[in-house]
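Asks: Dropping the structure in here first, questions after.
The values are calculated or read from the model by the stated rules, or taken from the named source; none is laboratory data. Everything numeric in this text was worked out from a predicted model, so none of it was measured. Positions of Cβ are generated from backbone atoms using ideal geometry, with glycine treated the same way; all protein chains shown enter the neighbour counts.
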């Protein structure tokens with residue numbers, strides 16, 4: 001398999017993650033994807049969130065027949081962490097694709113998930129990793145995928 005790692009253009013202000021950490025996050029997201037409850041969309045997503053102290057918190061998407069109560073994998077991971085008192089985050093890896101063992105596409109976080117990330121993360125340094133595998137992934141900052149985001153600092 002070809003190595004397709006792509007780094008963010010805006011890396012000078014980022015505390016770079018080691019490739020082994022990135023691969024560990026991707027592996028965690030792939031494992032979390034297997035737990036997805038997605039009987040309606042049949043689109044399985046897993047996420048692995050890296051805390052400031054090095055813990056990895058995973059989450060999967062959890063659907064609901066009413067659709068509105070559905071929760072994305074990214075928010076599941078964030079809400080698990082925040083409910084345990086964790087509020088310092090460095091990165092998140094996300095994998096998602098239609099049902100099946102193979103991840104065939106990059107799954108970027110939706111707008112609601114980006115807004116949740118904005119609530120708890122530094123947009124200039126928080127890294128978002130979207131992956132097809134541990135060797136095929138893209139890394140960008142929250143600021144790059146949510147330019148001009150509205151966050152807690154806007155309320156001061």
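Asks: Please go through region 34-49 and give me each residue that is buried (at least 17 other Cβ atoms within 10 Å of the Cβ) and either more than 20 Å from residue 130 (Cβ to Cβ) or in contact with a helix residue (DSSP H, G or I) (Cβ under 6 Å, 6 or more places away or on another chain) (or both), ordered by number.
Replies: Those that are buried (at least 17 other Cβ atoms within 10 Å of the Cβ) and either more than 20 Å from residue 130 (Cβ to Cβ) or in contact with a helix residue (DSSP H, G or I) (Cβ under 6 Å, 6 or more places away or on another chain) (or both): 44, 45, 46, 47, 48, 49.
Asks: Please find, within region 104-120, the residue that is surrounded by the most Cβ atoms within 10 Å (Cβ to Cβ) out of those that are within 11 Å of residue 151 (Cβ to Cβ) and under 12 Å from the mean Cα position of the chain (by Cα).
Replies: 117
Asks: Go over the candidates 74, 119, 102 one by one and state the one that is at pLDDT 95 or above and closer than 16 Å to residue 45 by Cα.
Replies: Result of the check over 74, 119, 102: 74.
Asks: If residue 77 satisfies all but one of (1) more than 30 Å from residue 155 (Cβ to Cβ); (2) surrounded by 14 or more Cβ atoms within 10 Å (Cβ to Cβ), what's the number of the condition it fails?
Replies: (1)
Asks: State whether the residues of region 46-55 include one that is in contact with a strand residue (DSSP E or B) (Cβ under 6 Å, 6 or more places away or on another chain), closer than 16 Å to residue 102 by Cα and at pLDDT 95 or above.
Replies: yes
Asks: Here's a check for you: in region 122-156, which residue that is in contact with a strand residue (DSSP E or B) (Cβ under 8 Å, 6 or more places away or on another chain) and under 18 Å from residue 44 (Cβ atoms) is surrounded by the fewest Cβ atoms within 10 Å (Cβ to Cβ)?
Replies: 132
Asks: Every residue in region 74-88 that is under 19 Å from residue 124 (Cα atoms) and more than 11 Å from the chain's Cα centre (by Cα), please.
Replies: 87, 88
Asks: Is it the case that some residue within region 6-24 is part of a helix (DSSP H, G or I), at pLDDT 95 or above and under 18 Å from residue 121 (Cβ atoms)?
Replies: Looking through region 6-24, at least one residue is part of a helix (DSSP H, G or I), at pLDDT 95 or above and under 18 Å from residue 121 (Cβ atoms).
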